[in-house]
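Every number in this text was worked out from the coordinates using simple rules, so none of it is lab data. Keep in mind that this is a model prediction, so the values were computed, not measured. Backbone-built Cβ (ideal geometry, glycine too); neighbour counts: all protein chains shown.
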Amino acid sequence: MLQRNTITPERIVDARNEALAAEEAWKLLAGVREIVIAKGKNYQVFDPQKDGKEAILAQALGRSGNLRAPALLIGDRLLVGFSDGLYSQFLG
């Protein structure tokens with residue numbers, strides 16, 4: 001999807017080698033304006049200033065307790081997880 005839209009990431013991190021646990025993940029999540037989390041074909045939009053930390057982390061962390069992958073930071077918006085619909089909507 002990134003190549004199709006000619007988007008070149010500034011940084012690529014292998015989540016298996018550099019996993020973000022809850023507190024580290026929250027530092028990233030709390031620093032953005034909007035968090036969009038995909039689950040299956042659906043996605044939810046969160047505002048870290050208004051929505052609760054626990055509610056956001058419950059959706060953003062996987063079974064391992066680490067931030068779900070992929071996570072894509074675009075400006076002040078963070079996309080977490082993968083959904084064709086989500087990426088089509090936010091990446092064009």
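Once the dipole of segment 22-91 is set up with Lys and Arg at +1 and Asp and Glu at -1 on Cβ about the Cα centre, which of Ala25, Phe46, Gln59 lies farthest towards its positive end?
It is Gln59.
Which whole-Hz couplings ³J(HN,Hα) result when phi for each residue of segment 16-31 is put into the Karplus expression 6.51 cos²θ - 1.76 cosθ + 1.60, θ = phi - 60°, listed in order with x for Gly and Pro?
Per residue, the Karplus-derived 3J(HN,Hα) values read 5, 9, 10, 6, 10, 6, 3, 5, 5, 4, 5, 4, 5, 4, 5, x Hz.
Sequence-distant or interchain residues sharing an amide H contact under 5 Å with Lys39, placed H: which?
For Lys39, the qualifying residues are Gln44.
Could you please tell me the mean projected area of the C-alpha convex hull for segment 22-91, averaged over all directions and given in square nanometres to one decimal?
It is 4.2 nm².
Using alpha carbon centroids, what distance separates segment 40-61 and segment 64-85, in Å?
Spelled out, the Cα-based centre of one part sits 11 Å from the other.
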